[in-house]
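Chemist: One structure coming up, written as structure tokens, with questions to follow.
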Amino acid sequence: MEEPPLKITVATVCYNAASLIERTINSVEEQDYPHVEHLIIDGNSQDATLEAVHHYQERNSVARVPHEVNCLSEPDHGIYDAMNKALRMATGHYILFLNAGDTLHSRQTLSLVACAATAAYGDHALPEADDSDLGMLPAVVYGQTDIVDEQGHFLRHRRLTAPEVLTWRAFRHGMTVCHQAFFARTDLARRMAYNTAYRFSADYDWCIRLMREGQRRGLELTNVHQTVANYLSEGATTRHHRASLMERLRIMAHHYGWGTALAMHAWFVVRGIIKK
């Protein structure tokens with residue numbers, strides 16, 4: 001019996017994103033890896049976002065390397081509520097959140113991620129994507145991130161670089177792996193879910209909880225050793241920097257203790273002054 005292929009879900013959460021979503025769509029559409037589900041979770045956009053999605057679905061139906069493209073458009077209670085919808089809908093072994101304006105780094109990105117995940121898995125038979133427990137597949141597959149502007153032009157490498165060996169304790173220094181470069185095992189991700197009490201930094205909390213659970217189970221956190229994501233420089237966290245920092249302080253204190261949280265945030269302030 002032929003083993004099932006490793007399937008990757010890319011989830012794009014958006015609202016009135018007509019000016020940005022084409023770039024994200026094209027990035028997923030151009031992937032050479034065939035076993036891809038693209039979930040677009042739209043917050044009932046009133047601009048041309050859904051028109052772009054419908055054209056994408058039409059192109060996909062005749063594409064040389066077709067993917068599964070599904071769209072849900074309805075009002076939500078914020079970005080993390082929408083991400084939880086994606087977790088419930090996802091059918092891949094792994095899920096990546098790639099929001100409007102963000103892109104995969106190259107046409108080969110998902111192929112590289114799939115190879116890294118299955119190589120780390122060894123000789124074990126690959127479970128079906130819809131299994132409630134994906135066995136010994138790595139809990140997380142991760143890589144590096146580049147920062148781009150609204151036209152998709154390279155600005156710089158992300159200041160926080162993904163560590164060679166990742167553990168949940170690495171995030172006491174901040175989000176050392178960008179959310180858009182963090183491929184989470186779907187069965188674990190679904191059990192964790194985003195804490196919607198956080199408005200700006202629930203992804204930070206989610207990544208820590210997922211890594212802790214993975215390591216508790218003895219699962220690997222696998223480094224692709226490649227840049228996998230291009231991140232749009234101006235996101236919600238950037239626009240609400242102070243509120244995001246306060247949330248992150250509380251999350252860091254919850255996971256690492258108040259001493260570590262206060263010391264690290266004092267360093268963040270000093271670093272910000274030095275950069276000026």
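The values are calculated or read from the model by the stated rules, or taken from the named source; none is laboratory data. Note that this is a predicted model, so its numbers are computed, not measured. Cβ: placed from backbone, ideal geometry, glycine included. Neighbour counts: every protein chain shown. Only protein heavy atoms, including side chains, enter the accessible area calculation; ligands, DNA and RNA are left aside. Shrake-Rupley method; radii C 1.70, N 1.55, O 1.52, S 1.80 Å.
Chemist: For segment 117-127, enumerate the residues that are at pLDDT 90 or above and open to solvent by 20 Å² or more (accessible area, probe 1.4 Å).
Modeler: 118, 119
Chemist: I'm checking my understanding of the structure. Among residues of segment 51-77 that are open to solvent by less than 40 Å² (accessible area, probe 1.4 Å) and modelled with pLDDT of 95 or more, which one is farthest from residue 99 (Cα to Cα)? Quick ask: steps written out before the conclusion?
Modeler: Looking only at segment 51-77, we keep the residues that are open to solvent by less than 40 Å² (accessible area, probe 1.4 Å), and these are 52-53, 56, 60, 63, 65, 67, 69.
Then keep just the ones that are modelled with pLDDT of 95 or more; that gives 52-53, 56, 60, 67, 69.
On the way: 52: 15, 53: 14, 56: 16, 60: 19, 67: 18, 69: 15 Å.
Within segment 51-77, the match that is farthest from residue 99 (Cα to Cα) is 60.
Chemist: Turning to a different aspect of this structure: Is segment 89-111 home to any residue that is under 19 Å from residue 164 (Cα atoms), open to solvent by less than 20 Å² (accessible area, probe 1.4 Å) and modelled with pLDDT of 95 or more?
Modeler: yes
Chemist: Note down all Cβ pairs under 8 Å where the first residue falls in segment 202-221 and is over 16 Å from residue 174 (Cβ atoms) and among the charged types (D, E, K, R), the second is open to solvent by less than 30 Å² (accessible area, probe 1.4 Å) and not in a helix (DSSP H, G or I), and they're at least six residues apart or on different chains.
Modeler: Within 8 Å, the pairs are 213/139; 217/139; 220/138; 220/139.
Chemist: Considering 184, 193, 229, 170, which residue is over 21 Å from residue 122 (Cα atoms), touching a residue at least 24 places away in the same chain (Cβ under 8 Å), touching a helix residue (DSSP H, G or I) at 6+ places or on another chain (Cβ under 9 Å) and open to solvent by less than 20 Å² (accessible area, probe 1.4 Å)?
Modeler: Values: 184 fails: over 21 Å from residue 122 (Cα atoms); 193 fails: open to solvent by less than 20 Å² (accessible area, probe 1.4 Å); 170 fails: touching a residue at least 24 places away in the same chain (Cβ under 8 Å).
Checking each option against the conditions leaves just 229.
Chemist: Within segment 128-136, is there a residue that is open to solvent by less than 70 Å² (accessible area, probe 1.4 Å) and among the polar types (S, T, N, Q)? If you could, list the steps in order and put the result at the bottom.
Modeler: In the first step, residues of segment 128-136 are kept if they are open to solvent by less than 70 Å² (accessible area, probe 1.4 Å); the result is 129, 131, 134-135.
Next, only the ones that are among the polar types (S, T, N, Q) stay: none.
The answer is no; no qualifying residue exists.
Chemist: Can you tell me which condition residue 22 does not meet? The list is (1) assigned to a helix (DSSP H, G or I); (2) in contact with a strand residue (DSSP E or B) (Cβ under 8 Å, 6 or more places away or on another chain), and all the others hold.
Modeler: (2)
Chemist: If you don't mind, there's one more thing I want to ask. Go through segment 33-55 and give me each residue that's within 30 Å of residue 115 (Cβ to Cβ) and not in a loop (DSSP other than H, G, I, E, B). Give the derivation first.
Modeler: Residues of segment 33-55 that are within 30 Å of residue 115 (Cβ to Cβ), as a first pass: 33-41, 53.
Within segment 33-55, 36, 37, 38, 39, 40, 41, 53 meet the criteria.
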